[in-house]
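Undergrad: Please read through the structure below; I'll follow up with questions.
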Amino acid sequence: MRLLFKFNLIFLVVFIAGVLGAGKVSYDLLQSNAKEEVLNHARLTIEKASAVRTYTNDQIRPLLETQMKYTFLPQTVPAYSATEVLATLSKSFPDYTYKEATLNPTNPRDRAADWEADIVNRFRTQADKKEFVGERDSGTGRSLYIARPLRITNAACLACHSTVEAAPRTLIDKYGQANGFGWQLNEVIGAQVVSVPMAVPLARAEQAFKVFMGSLIGIFVAIGIVLNLMLYLLVIRPVTALSKLANRVSLGELDAPEFKTHGRDEIGMLAQSFARMRHSLDHAIKMLET
């Protein structure tokens, strides 16, 4: 078995082991990083919604209080404003969906689905929880979601949601008396939920993984080519030439040309040792002949 073949066989084994090991580690890491990146974007989405809620409650609602006596304006409701703004934003980022899932909403579109209701109830039973992150099956495949509780911390909210009798007449005229009442101060009434299809982080991870693995394989191949060239030029070729010269000398061709080398490495030292051995052999033969 030739030296170059042995070297390439060992290199191939190391190459395969390295690629498989690096592939496994990088794939898991990229999946985790992609998921975390999507979650960070989802958290930013919730923060945007919360900012809109605060702005609506502090800036918009006071300006429209007089008009609210004559007609109910949903634009004064923080939940409505946040949902509308995020719905507009989702036109540019359709993968992200935002919902203020509520167990007993005034606006029917905010009613929590079964899986959202489970999240809200978890917040109600685990008061110390500030956020839930999870995955679920949806009609389009696996989805990643992040949820934060909606808690009544402002007593002003109860002016519309405590009892039917206390609620503004304009609100009842618009939404009726069936829903959105009976809320309590400090009660968790819903959750801000951002959902993202798992295909989004998975696609990002897959793309990054392909680029990484392609680059890694390319680097390994380039290293293999360079090492093969170095091995051939620095080891295989001089050793082969020295081997051929040794064969000629062993067959009695004492007048074969010297092996020329100027290196001081192991190959050069081997050539010098062979030259000394050859001279000693030549000298010994001449002594025997005389």
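Undergrad: Are there any trypsin sites (Lys or Arg not before Pro) in segment 22-119 that are in a DSSP loop and have at most 11 other Cβ atoms within 10 Å? List them by number.
TA: Those that pass, being in a loop and sparsely packed, are LYS69, LYS91.
Undergrad: Right, here's the next one. Hey, what angle do you get for helix 199-231 against the long axis of the chain, alpha-carbon based, 0 to 90 degrees rounded to 10?
TA: With rounding to tens, the tilt is 10 degrees.
Undergrad: Let me ask something else. Let me know the volume per residue of the alpha-carbon convex hull for the chain, in Å³.
TA: Looking at the chain, the number lands at 205 Å³ per residue.
Undergrad: Please give, to one decimal in nm, the separation of the simple spin-label points placed at ARG43 and ASN121, each 7 Å out from Cα toward the Cβ.
TA: The modelled label-to-label distance comes out at 2.9 nm.
Undergrad: Within straight cross-link reach of LYS244, meaning Cα distance under 15 Å, which aspartates and glutamates are found once same-chain residues fewer than 8 apart are removed?
TA: GLU253, ASP255, GLU258
Undergrad: Suppose R0 equals 30 Å; then what is the FRET efficiency for LEU89 and VAL14 from their Cβ-Cβ distance, rounded to the nearest 0.05?
TA: Calculated transfer efficiency: 0.05.
Undergrad: What order do you get for 100-107, 163-170, 204-211 when each peptide is scored by the mean count of other beta carbon atoms within 10 Å, highest first?
TA: Taking the mean over residues of other Cβ atoms within 10 Å, the ranking is 100-107, 204-211, 163-170.
Undergrad: Relative contact order for segment 17-205: what percent, with Cα pairs under 8 Å and sequence separation of 6 or more?
TA: RCO, segment 17-205: 27 percent.
Undergrad: Lys and Arg at +1, Asp and Glu at -1: add these up for the other residues within a Cβ distance under 12 Å of THR106 and post the number.
TA: Neighbourhood net charge equals +1.
Undergrad: For ALA178 and ILE236 in one chain, what is 0.36 nm times their gap in residues minus the Cα-Cα distance, to one decimal in nm?
TA: Going from the current span to full extension adds 11.9 nm.
Undergrad: Could you sort 149-160, 185-196 so that the peptide with the highest average Cβ count within 10 Å comes first and the rest follow in order?
TA: 185-196, 149-160
Undergrad: Working from Cα positions, state the angle (0 to 90°, nearest 10) between the long axis of helix 114-125 and the longest principal axis of the chain.
TA: Rounded to the nearest ten degrees, it is 80.
Undergrad: Amide H of GLN192: which non-local residues (sequence gap of 5 or more, or other chain) have their own amide H closer than 5 Å, using H built in the peptide plane?
TA: ARG148, LEU150
Undergrad: Further, regarding this structure: Which chymotrypsin sites (Phe, Trp or Tyr not before Pro) does segment 14-117 hold that lie in a coil by DSSP with at most 14 other beta carbons within 10 Å?
TA: Qualifying residues, ordered by number: TYR70.
Undergrad: Over the Cα atoms of segment 169-220, each weighted equally, I'd like the Debye log10 I(q)/I(0) at q = 0.13, 0.16, 0.21, 0.24 Å⁻¹, rounded to two decimals.
TA: -0.61, -0.72, -0.88, -0.96
Undergrad: Okay, next question. Between the helical axis of 266-289 and the dominant principal axis of the chain, each derived from Cα atoms, what acute angle in degrees is found, rounded to the nearest 10?
TA: 10
Undergrad: Just from its helices, what would the mean residue ellipticity at 222 nm be for the chain, if runs of 4 or more DSSP H residues each count -39500 (n - 2.57) and the sum is divided by every residue, rounded to the nearest 500 deg cm²/dmol?
TA: Here the helix-only value at 222 nm equals -19000 deg cm²/dmol.
Only the coordinates and a few stated rules stand behind these numbers; no lab work does. Just so we're clear, the structure is a prediction, and the values are computed from it rather than from any experiment. Heads up, the Cβs are rebuilt from the backbone with ideal geometry, glycines too, and the neighbour counts pull from every protein chain shown.
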